[in-house]
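Note sheet for the following structure.
The values are calculated or read from the model by the stated rules, or taken from the named source; none is laboratory data. Because the structure is a prediction, the values reported are computed rather than measured. Cβ placement follows ideal geometry from the backbone for every residue including glycine, while neighbour counts extend to all protein chains displayed. Ligands, DNA and RNA are excluded from the accessible area calculation, which covers all protein heavy atoms including side chains. Shrake-Rupley method; radii C 1.70, N 1.55, O 1.52, S 1.80 Å.
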Amino acid sequence: CMFLGMIAGELIWGVLGDIIGRQKALVTTMGISGVFALSSCAVADSQTLVVLRTLAGVGVGGSIPVVFALYAEFLPTARRGYYMVLLASFWMMGSIYSAA
């Protein structure tokens, strides 16, 4: 359910980040992720847990395209590709580490 939310979040917030601004979109996605992740700690039934984790996934997934685009804006053009590869590589290593 988290991954379904992430797919929806990436599609929605990638576009909204361009419309409302990337910094505002990043703060909003982090808030969504935090609120629904914390709310999922206090649920009593599995259906509510699935809904809250899916909504937390919308926040997590929404932050990914926004972070990459925001980061790329502040990089020097000559080294942008190099630093984007570093970001993607360390992001993946962090994901693998946190899943283990």
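Odds and ends about this structure:
- Cα-based helix-to-principal-axis angle, 80-99 vs the chain, degrees rounded to 10: 30
- Solvent exposure of the chain amounts to 64 Å² per residue of accessible area, where only protein heavy atoms count and the probe is 1.4 Å.
- Estimated FRET transfer efficiency when R0 is 25 angstrom, pair Leu86-Ile12 (beta carbons, to 0.05): 0.40
- Against the chain, whose longest principal axis comes from its Cα atoms, helix 22-39 is set at around 30 degrees.
- Legend: calculated FRET efficiency, Met2 to Gln23, from the Cβ-Cβ distance at R0 = 30 Å, rounded to 0.05, equals 0.75.
- A DSSP coil position with no more than 16 other Cβ atoms inside 10 Å describes the following chymotrypsin sites (Phe, Trp or Tyr not before Pro) in the range 1-83: Phe74.
- At full extension, Asp45 and Met93 could sit 14.0 nm farther apart than now, given 0.36 nm per residue minus the alpha carbon distance.
- In the assembled protein chains, Ile19 presents an accessible area of approximately 120 Å² (probe radius 1.4 Å).
- Using alpha-carbon coordinates, inclination of helix 2-20 to the longest axis of the chain, degrees: 50
- Heavy-atom accessible area order for Cys1, Cys41, largest first, 1.4 Å probe: Cys41, Cys1
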